[in-house]
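Participant: After the structure tokens below, expect a handful of questions from me.
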Amino acid sequence: MWPRSFQERLRLSRRWQAGSHPPSNDLDPSELVDFVLVFRYPVNPSILPPTNASTGRTVVEDRSDLEQNAIEAYQEVVGRLHKLGLEWYVPTETSSPGKLFLFVTCPDAVLKQWMVHGKVQDWLAGLRGITPADSSDATVNEETHIGLTRGDHSPNSPRHAADAAAMTLDHPLAYLLQSDGQTAQVIPPAERLRLVYHRLTARPEEGGAGLHPDVHPFIETLYPLHNKQFTRHWIKTWGTKWLINHHDLQRIREYLGEEIALYFAFLQFYFLWLLPPAFVGLVWYLQGKTYSAPMALFIVCWSIAFVDMWARRETDIAVYWGTRHLGRVREPQPLFQPDGWSRHPITHELEPYFPLWKRWSRRMVTLPLIMAGSVFLAGVVGFLFALQTLTDEHYSGPGQAYVTYIPMILYSILMAKAGEMYTGLAKRLNNYENYPTRSEYEFHLTQKIFVLSFLINYLALIITAWAYIPFRAQVNHALLQFSSTILQGKIYGDVGDPLKEGRHGELDNGQVALKMSQTPADQLMVNQLFFFVMTGQILSLAQETIIPMATRYGTQWLQRRGTRSRTSAEGATVGSTAHSRSDTTSNSASNSDLHMASDKVAERSNGDNFEAASTESDKDTEEHPDKPTPSSSPVTVPPRLLRRLVKRALREYDLPEYLSYDDYSEMVTQFGFIVLFSVVWPLTPVIALVNNWIELRSDAVKICMNVRRPIPQRAESIGPWLDNLKLLCWMASISNTLLVYQFGTLLAPTPDTQLYGHTHLPTALGALLITEHVFFGVWFFVRTLIQSFPSVADKMLALEDYRQKVGLSRAFSLTSALGSTESGQGDMGGLENVAQEQPGGASLVGHDIPRDDPGFELISSAFKVA
């Protein structure tokens, strides 16, 4: 049976659901559990390294030893869950040899304690939120906060007025507690999952269970389940509107957390700010203007204004969401491995210790490896560029129309593999550097990933503009001389003068023909940029949305077809009672892989989908009640709901994890194409505008259907990606200057400049020196102009400060009138103990775990299989 907290989750989910969706009689299975924890253990004996160097004999571990180790590991895992106060359920339908699924849920009482502790720590760190009073009212009255502090007292009593005034003082529990000690509002799903995940993955010394998949050897993964009611409503709502509003962002924040909501806020803000450059670019394109100095100046100024305005916007959002100064809360990184524990020299608090010199020494080790990986990646890009240039510009032999597609195919294959290898190297090196907090870890990993994105997307364009085109004559000469030696052909044309050779040289040996590149320089840049912008956007949409959906539906179709074929071949028939279906499902799931288990669960539901009704589910419950979990007493759960839950857990187990790095990297890369190379092809902002309108919806579909539900995290900023945007703005002042000078019409064109551009180096350096100073001057002016206007956050904070001052004055006056200064502190009992709570260091293995837990029986049965 399910844990007792099921009734709490049912009530909690209905209350949360009523505030966001129309009332529904069908509960979503994801609202029953918080996380699905996958416990993986070896079943077959493993070959261990030799224990005796002289004999060289290997030790083969016996199955009984493996079974004992698995049982002890499972005992440790459930003991840690039990010590935290969590409850779990092990459905037999999901079991397979070597793998168990634990459905973990957190009781409300335990969650409330964690939330109180977290809010106190946030308050001590300086996080401040805006009270939910009407921001248009600059005065404080008792009724404004009656929803936060109402109790048994009369609203007009002095005691109630004092409590209400005290609650306006940005108290950490102001919105959480009522005067009677009950929860004042339902905790949003994102906040609930964030708190539970933090406790599950935090180190035992910090009050957690230490069950992070990268830390605990028997934990394969843990993930929350999607709420299909919410995701369907989300996709339907966004698919029928042009723009999203703050209510949509608030719902995303409540469901997925501030980090994902902030990404969509950035994407919406970026989409709206693309309207001016898209309009200007379209006008310039229709007029046939490329490499225009006014266009370059406009793009640089626009990029500066966009970055500064977004920095202000994200501050407003952080203040409104109560995540401002989140960096002061040092959230531990689960992968951090301290050398020991020491006391802070000022606060004397016990904290993990890792020497600074050791971290810098590790950075000195990882830096050459990152550089080597970057050089390798640059080499792959250079090879693909050379191959593309050879097929597009020089090859004129048989099958030329098909040969030009070879570099594109190789680019899609090699760059994906090289990028995967580089990302894996970056993550391993980032783990080796051993950062103590989540913010530090993500900052350095983001910078490493940005290097990857920069090389893959911009290096070929940089080589084309400032290496190949200026030295195209020399490259052509060397290519033809080398090819004539290899192919034993004859060069036609004058090879003595590289400039003439660039227009007249040709090689032909009767089979392979090579020619000189005669494409104008400006058109060559347009071709390259068009390839990266258009091909990149299409490939990104296909890889993120179309291919995963097609693969998933195709796999499900093959599984259903395979299930029907196996059933027909074996002559199996579905029994007339739910009892026979249940036994068949349990036996099949215990001796097959997870996909077979999912198929049997689907058969057990009699072909019904997630929204269908089962007429025999009640009979199934009456005839075959489940075993009680070791952590609670029996509670009746509808079998149909259980089947849907198990089926969904198995399906989402096969989905990949969501990483916000990929989406941010895509948007920042697109921003780089706009600010660095829009003068080459003015339609670049137009393409980005259309793509981002689609991206808003395709990313929602991707998160809802193609990846696991993201684990909610808080955020006050887009972090290092903002620094990368500023870096691209500075680089835009350089690239636009060089492109306008090389290929623009400011200087009179000549036949040679049409092929090679203007290549006078002193003139180019002088132009760079002037424009860079102009760039910093414009940036200073724009920033000063923006800061001269008060932001929304400034107004909200000023209003909040005024409310706190008035509330403090009123609280003191009212409590003095009552003759006691302790009446306003009645609701704060126990806070001191919560704030000073120290994590325990006792053993995490529970002492009250009964042996009738289904997990022990499933592990033992796995080793009895021949």
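Participant: Do we have residue 323 as in contact with an Asp or Glu (Cβ under 6 Å, 6 or more places away or on another chain) and of a type outside the set (A, V, I, L, M, F, W, C) here?
Facilitator: Working: in contact with an Asp or Glu (Cβ under 6 Å, 6 or more places away or on another chain): yes; of a type outside the set (A, V, I, L, M, F, W, C): yes.
Here the answer is yes, as residue 323 does meet what is asked.
Participant: I need the helices (runs of 4 or more DSSP H) fully contained in the stretch 607-709, keeping only those with at least 3 residues that are at pLDDT 50 or above, more than 22 Å from the chain's Cα centre (by Cα) and surrounded by 16 or more Cβ atoms within 10 Å (Cβ to Cβ).
Facilitator: 639-653, 660-677, 684-701
Participant: Checking the conditions here, which among 357, 341 is surrounded by fewer than 16 Cβ atoms within 10 Å (Cβ to Cβ) and either part of a strand (DSSP E or B) or touching a strand residue (DSSP E or B) at 6+ places or on another chain (Cβ under 8 Å) (or both)? Don't jump to the end; show me each part of the working.
Facilitator: Details: 357 fails: either part of a strand (DSSP E or B) or touching a strand residue (DSSP E or B) at 6+ places or on another chain (Cβ under 8 Å) (or both).
Every option except 341 fails the conditions.
Participant: Can you report the number of residues in the stretch 95-119 which are outside any strand (DSSP E or B), closer than 27 Å to residue 63 by Cβ and out of contact with any Ser or Thr (no Cβ under 9 Å at 6 or more places or on another chain)?
Facilitator: Residues of the stretch 95-119 that are outside any strand (DSSP E or B), as a first pass: 95, 97-98, 106-119.
Still in the running and closer than 27 Å to residue 63 by Cβ: 95, 97-98.
Checking which are out of contact with any Ser or Thr (no Cβ under 9 Å at 6 or more places or on another chain) leaves us with 98.
The qualifying residues number 1.
Participant: Looking at (1) of a type in the set (Asp, Glu); (2) part of a helix (DSSP H, G or I); (3) modelled with pLDDT of 80 or more, which is the only condition residue 163 fails?
Facilitator: (3)
Participant: If I filter the stretch 97-154 down to residues being among the small types (Gly, Ala, Ser) and modelled with pLDDT of 50 or more, which single residue comes out as surrounded by the fewest Cβ atoms within 10 Å (Cβ to Cβ)? Give the steps one after another, and end with the answer.
Facilitator: Of all residues in the stretch 97-154, those among the small types (Gly, Ala, Ser) come to 98, 109, 118, 125-126, 129, 133, 135-136, 138, 147, 151, 154.
Filter once more, so that each one left must be modelled with pLDDT of 50 or more: 98, 109, 118, 125-126, 129.
On the way: 98: 18, 109: 10, 118: 17, 125: 14, 126: 12, 129: 21.
Selected residue: 109.
Participant: So residue 244 passes all but one of these: (1) part of a helix (DSSP H, G or I); (2) within 23 Å of the chain's Cα centre (by Cα); (3) among the aliphatic types (A, V, I, L, M). Which condition number does it fail?
Facilitator: Unmet for residue 244, out of (1) part of a helix (DSSP H, G or I); (2) within 23 Å of the chain's Cα centre (by Cα); (3) among the aliphatic types (A, V, I, L, M): (1).
Table: residues versus (1) farther than 22 Å from residue 520 by Cα; (2) among the β-branched types (Val, Ile, Thr); (3) touching a Pro at 6+ places or on another chain (Cβ under 6 Å).
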{"position": "706", "(1), (2), (3)": "yes, no, yes"}
{"position": "710", "(1), (2), (3)": "yes, no, no"}
{"position": "718", "(1), (2), (3)": "yes, yes, no"}
{"position": "726", "(1), (2), (3)": "yes, no, no"}
{"position": "730", "(1), (2), (3)": "yes, no, no"}
{"position": "736", "(1), (2), (3)": "no, no, no"}
{"position": "740", "(1), (2), (3)": "no, yes, no"}
{"position": "745", "(1), (2), (3)": "no, yes, no"}
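Participant: List pairs: first in the stretch 282-308 and over 12 Å from residue 679 (Cα atoms), second among the charged types (D, E, K, R), Cβ under 7 Å, 6+ apart or cross-chain?
Facilitator: So the pair list comes out as 307/726; 308/783.
Participant: When the residues of the stretch 713-771 are filtered to those that are within 35 Å of the chain's Cα centre (by Cα) and of a type in the set (Asp, Glu), which remaining residue is nearest to residue 454 (Cα to Cα)? So that I can check it myself, show each step before the final result.
Facilitator: So the first thing to find is which residues in the stretch 713-771 are within 35 Å of the chain's Cα centre (by Cα), and the list is 713-736.
Next, only the ones that are of a type in the set (Asp, Glu) stay: 716, 723.
Working: 716: 25, 723: 14 Å.
Looking at residues that are within 35 Å of the chain's Cα centre (by Cα) and of a type in the set (Asp, Glu), I get 723.
Participant: Further question on the same structure: Go over the candidates 294, 332 one by one and state the one that is farther than 23 Å from residue 694 by Cα, in contact with a Ser or Thr (Cβ under 7 Å, 6 or more places away or on another chain) and surrounded by fewer than 21 Cβ atoms within 10 Å (Cβ to Cβ). Talk me through it step by step, then tell me what you get.
Facilitator: On the way: 294 fails: in contact with a Ser or Thr (Cβ under 7 Å, 6 or more places away or on another chain).
From the options 294, 332, the qualifying one is 332.
Participant: Scan the stretch 291-338 for residues that are under 25 Å from residue 197 (Cα atoms), assigned to a helix (DSSP H, G or I) and within 20 Å of the chain's Cα centre (by Cα) and jot them down.
Facilitator: Restricting attention to the stretch 291-338, the residues satisfying the condition of being under 25 Å from residue 197 (Cα atoms) are 317-338.
After this cut, where a residue has to be assigned to a helix (DSSP H, G or I) as well, the list is 317-321, 326-328.
If the condition is that a residue be under 25 Å from residue 197 (Cα atoms), assigned to a helix (DSSP H, G or I) and within 20 Å of the chain's Cα centre (by Cα), then 317, 318, 321, 326, 327 are the ones that fit.
Participant: While we're here: Give, as residue ranges, the helices (runs of 4 or more DSSP H) completely inside the stretch 374-477 that count at least 2 residues that are among the small types (Gly, Ala, Ser) and within 27 Å of the chain's Cα centre (by Cα). Working first, answer last.
Facilitator: Working: elements: 400-403, 406-433, 438-463.
Answer list for the stretch 374-477: 406-433, 438-463.
Participant: Here is a further query. From 192, 251, which residue is surrounded by fewer than 22 Cβ atoms within 10 Å (Cβ to Cβ), of a type in the set (D, E, K, R) and part of a helix (DSSP H, G or I)?
Facilitator: Details: 192 fails: surrounded by fewer than 22 Cβ atoms within 10 Å (Cβ to Cβ).
One residue alone meets the criteria, 251.
Participant: Need the failing condition index for residue 715 against (1) assigned to a helix (DSSP H, G or I); (2) buried (at least 21 other Cβ atoms within 10 Å of the Cβ), just the number.
Facilitator: Among (1) assigned to a helix (DSSP H, G or I); (2) buried (at least 21 other Cβ atoms within 10 Å of the Cβ), the lone unmet condition for residue 715 is (1).
Participant: Which condition number in (1) under 20 Å from residue 322 (Cα atoms); (2) at pLDDT below 50; (3) in a loop (DSSP other than H, G, I, E, B) is the one that residue 187 fails?
Facilitator: Result: residue 187 fails condition (2) only.
Participant: Only residues that are touching a residue at least 12 places away in the same chain (Cβ under 8 Å), closer than 15 Å to residue 378 by Cβ and either in contact with a strand residue (DSSP E or B) (Cβ under 6 Å, 6 or more places away or on another chain) or not β-branched (Val, Ile, Thr) (or both): list them for the stretch 451-467, please. Explain how you work it out, then say what you get.
Facilitator: Of the stretch 451-467, the ones touching a residue at least 12 places away in the same chain (Cβ under 8 Å) are 451-461, 463-466.
Restricting the remaining residues to those that are closer than 15 Å to residue 378 by Cβ gives 451-461, 463-464, 466.
Scanning the stretch 451-467 gives 452, 453, 454, 455, 457, 458, 459, 460, 461, 466.
The values are calculated or read from the model by the stated rules, or taken from the named source; none is laboratory data. Since the model is a prediction, treat every value here as computed from it, not as a measurement. Reconstructed Cβ throughout: ideal geometry from the backbone, glycine too, with neighbour counts over all protein chains shown.
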